[in-house]
Amino acid sequence: MCGNNMSVPLPAIVPAARKATAAVIFLHGLGDTGHGWAEAFAGIRTPHVKYICPHAPIKPVTLNMGMSMPSWFDIIGLQTDAEEDEAGIKQASENIKALIDQEVKNGIPSHRIVLGGFSQGGALSLYTALTTQQKLGGVVALSCWLPLRNSFPQASANSANKEMNVLQCHGEADPLVPVTFGCLTVEKLKTLCNPSNITFKTYPRMPHSACPELSDRNSFEEVL
């Protein structure tokens, strides 16, 4: 990773089969690492896309009784009115923006970079895309929510990504991040971005997990 998290291992990377002209930066969920998602992306490897799966730092999580685990930021509660770790969310977002900047320096235009994530990682990907000044290819947000939603539209007033493509997916049987969170998020996104560029898909009987349809090649080619 970047920023202040120098002790965090380097991201898991699935290189493009040929020359990388696009990149996906995908953020895992709470308590996970980037390795599992990197393995999944290795199965859908494409000639021109590089997949980057960073690892969150280890830190105490209030929601889990203060236990330390991989977490992009602290989660205090999952209620819609729960207090949020504003400083942690903003710092994590800056770290992801540094990853984007590095890929641009590596020769991949920012509009050919897609941010994605699952659960907490999806939340961070949405927040980062709406606050960065780099014009992105889009966002793939799985089973998540929009953090610091009350800071918008102020934070996105000068956003470079009002026209970005967003693919948001959610399991209808999710007991941890209810599908209502996904519905509230997509409605908020439609006030911040071009509604015609936002796609929201739900999956019957799917809990808080991913399925092959969520992480297949087409999901990312839709937004690139």
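Structural remarks
- Matching residues, region 119-131, being open to solvent by less than 10 Å² (accessible area, probe 1.4 Å) and not small (G, A, S): Q120, L124, L126, T128, L130
- K59 being touching a residue at least 12 places away in the same chain (Cβ under 8 Å) and more than 21 Å from C144 (Cβ to Cβ): no
- Breaking point among (1) open to solvent by less than 60 Å² (accessible area, probe 1.4 Å); (2) at pLDDT below 95, for E222: (1)
- Being touching a residue at least 24 places away in the same chain (Cβ under 8 Å) and closer than 17 Å to P11 by Cα is a property that P70 has.
- All of G43, G34 fail the test of being open to solvent by 60 Å² or more (accessible area, probe 1.4 Å), among the small types (G, A, S) and within 24 Å of G171 (Cα to Cα), apart from G43.
- Annotation note: Cβ proximity below 9 Å between a residue of region 189-210 that is farther than 18 Å from S125 by Cβ and a residue that is of a type in the set (A, V, I, L, M, F, W, C) and surrounded by fewer than 16 Cβ atoms within 10 Å (Cβ to Cβ) (sequence gap 6+ or interchain) occurs for T202/C183; Y203/A173; Y203/C211; P204/A173; R205/A173; M206/A173; P207/A173; P207/L176.
- Whenever a residue of region 115-127 is in contact (Cβ under 8 Å) with a residue 12 or more places away in the chain, its partners that are among the aromatic types (F, W, Y), lying with C-beta atoms within less than 7 angstrom and at least six residues away or across chains, give the pairs G116/F26; G117/F26; Q120/W72; G121/W72; A123/W145; L124/W72.
- Qualifying positions in region 132-142 - in contact with a helix residue (DSSP H, G or I) (Cβ under 7 Å, 6 or more places away or on another chain) and either assigned to a strand (DSSP E or B) or under 17 Å from I198 (Cα atoms) (or both): K135, L136, G137, V139, V140, A141, L142
- Residues of region 79-116 satisfying the condition of being of a type in the set (A, V, I, L, M) and open to solvent by 40 Å² or more (accessible area, probe 1.4 Å): A87, V104
The values are calculated or read from the model by the stated rules, or taken from the named source; none is laboratory data. Quick caveat: nothing in here was measured; it's all calculated off a predicted structure. Counting neighbours? That spans all protein chains shown, and the Cβs are built from the backbone with ideal geometry, glycine included. Keep in mind that these areas ignore ligands, DNA and RNA; they rest on the heavy atoms of the full protein, side chains included. Shrake-Rupley method; radii C 1.70, N 1.55, O 1.52, S 1.80 Å.
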